[in-house]
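The values are calculated or read from the model by the stated rules, or taken from the named source; none is laboratory data. This is a predicted model, so every value here is computed, not measured. When we count neighbours, we look across all protein chains shown, and the Cβ atoms used for this are built from the backbone with ideal geometry, even at glycine.
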Amino acid sequence: MSAIQAPKGTRDIFAPEVHAWQHLEAAIRDYYGRYLYQEIRTPLFEHSELFSRGIGEQTEVVQKEMYTFRDKADRSLTLRPENTASVVRAAIEHNLFEALAPLRFFYIGPMFRYDKPQKGRYRQFHQFGVEVFADDAPQVDAEVIFSAVDFLRRLGIAQVQLELNSVGCPNCRPAYLKVLRQAAQDRSADLCEDCRRKIDSNPLRIFDCKQHACSGIAASFPVIGDHLCPECREHFAAVRETLSWMNVPFLLNPRLVRGLDYYTKTAFEVTSGQLGAQNALLGGGRYNDLIRELGGPDMAGIGFAAGMERLVLHLEHLAAPRPKVLFVATADPRWLAHAVQLAQVLRSEGHPVYVDYQSKNLKKQFKKADRIAAAFTLVLAEDEVRDGAVSVKNMATQEQVKIPLKDLNAWLKQNP
RNA sequence: GUGAGUGUAGCUCAAUGGUAGAGUAUCAGACUGUGGAUCUGACCGCUGCGGGUUCAAGUCCCGUCACUCACCCCA
């Protein structure tokens, strides 16, 4: 009989790593709270149709990566592979467009994709993200992008690259794809086998090919920036201009595409050199048609999602917070009652307290106090109990003083 | 889905095809009212799992599972 392991692609998070997660989650709530974003928590599973309609039937995510199952009433449900579609669904379902202002959300939680695990990629992974339902103003794009980069900087993640592109809209993208396909078709004899297949399925991906010959050829292919409709072109220019007002450096990447079909106009990605192959820290863009397509009002939207595992990889140097732990040691089981009561009082005063219930001698208890990094060890023994006091030893300085119980709390407050 | 590498004690790692070991951690003692050091001792393994070859397999072969990394995809 073999022991049960966590399913492939899932992981347990515990100390010391969990401290980085707590730090990250607190930072998200603090930072986006200041921008008046409100947290939204949507179900971990939804009707499968939400994702196939929202993300796009033809996307890799929907085709290959969804955890889809049937429940007892034969409904097709899917563990959410991303959260934008759910947030839009919730906003429509509760008519938040009229009830809540401003329409800015953030979320934190697990997502699920059936992928082959590797560095920074898991089957259950965590994203935080933001969604802004608003008008189509390019300044909103810039503000969302700024917040993402600024947030990373505040976390201490500064060595990142912001890449930016416009993926057009239903008015201009189809025409561009046609031009691109034609260009690729003309050179198909010189392309690798993979890329020839992509001409039909996803011509934009030819730009990503690592083969030297292909990337050289692709460099001469038309880019979408030259084929945007006037509206998209103006919008994109305004986004870039606003970003420069904000002093946000970015790299124009005319070949940047997003994996989900709902994106229109602005698309962006923040990558890190420290992550290996899965180098995207966060990615997002504008989705001006999604809300309407899912049955809501004709309202524009923009957002991004960040991979929390990938952020935590950058935060692992963070020292765990060290609370001032008090260790209560008893020289003899006779004083356990005093120890228990002392611990109760101290905890009610807000101190983190560990009581050792089974050690036979003080030496072992001090050793244990040392191991859990206690700041003070409080000794209860015959003398102390008789005098209504406790001996407090500062573990760092080795100083020890005997303090009457009634003065203990005040003393602790004065001796951090 | 494709490919490569790795699976030995809680952890980090050894072991020409020939008795499974070390360091560290843990526990106990030296040391019965005081920690970090030192010394002594103890515990610790179906060598991922299942087959095969062999007198003999941790070691070689096949399969499988897991992990890691890359392709792919993406956060």
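Computed quantities for the displayed model
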| item | result |
| --- | --- |
| Only one of A:326, A:346, A:315 that is away from RNA strand B (no atom under 12 Å from the Cβ), under 41 Å from the mean Cα position of the chain (by Cα), under 30 Å from residue A:143 (Cβ atoms) and surrounded by 16 or more Cβ atoms within 10 Å (Cβ to Cβ) | A:315 |
| Selected residue (only one of A:369, A:373, A:381 is more than 30 Å from residue A:94 (Cβ to Cβ) and more than 41 Å from the chain's Cα centre (by Cα)) | A:381 |
| Any hit, segment A:56-64, residues being out of contact with any helix residue (DSSP H, G or I) (no Cβ under 9 Å at 6 or more places or on another chain), more than 15 Å from RNA strand B (Cβ to nearest atom) and of a type outside the set (A, V, I, L, M) | no |
| Whichever residue in segment A:365-404 is closer than 16 Å to residue A:352 by Cα and loosely packed, with under 12 Cβ neighbours inside 10 Å and, among such residues, is nearest to RNA strand B (Cβ to nearest atom) | A:371 |
| Residue match in segment A:265-278 (condition: among the charged types (D, E, K, R), farther than 21 Å from residue A:112 by Cα, in contact with a Ser or Thr (Cβ under 8 Å, 6 or more places away or on another chain) and within 14 Å of RNA strand B (Cβ to nearest atom)) | no |
| Failed criterion for residue A:136 (all others in (1) among the acidic types (Asp, Glu); (2) farther than 23 Å from residue A:51 by Cβ; (3) crowded, with 18+ Cβ neighbours inside 10 Å hold) | (3) |
| Residue in segment A:279-290 that is farthest from RNA strand B (Cβ to nearest atom), counting only those that are outside any strand (DSSP E or B) and out of contact with any Phe, Trp or Tyr (no Cβ under 8 Å at 6 or more places or on another chain) | A:288 |
| Some residue of segment A:233-241 being in contact with a Ser or Thr (Cβ under 9 Å, 6 or more places away or on another chain), part of a loop (DSSP other than H, G, I, E, B) and at pLDDT 85 or above | no |
| Selection status of residue A:217, touching an Asp or Glu at 6+ places or on another chain (Cβ under 8 Å) and either more than 20 Å from residue A:285 (Cβ to Cβ) or not hydrophobic (A, V, I, L, M, F, W, C) (or both) | yes |
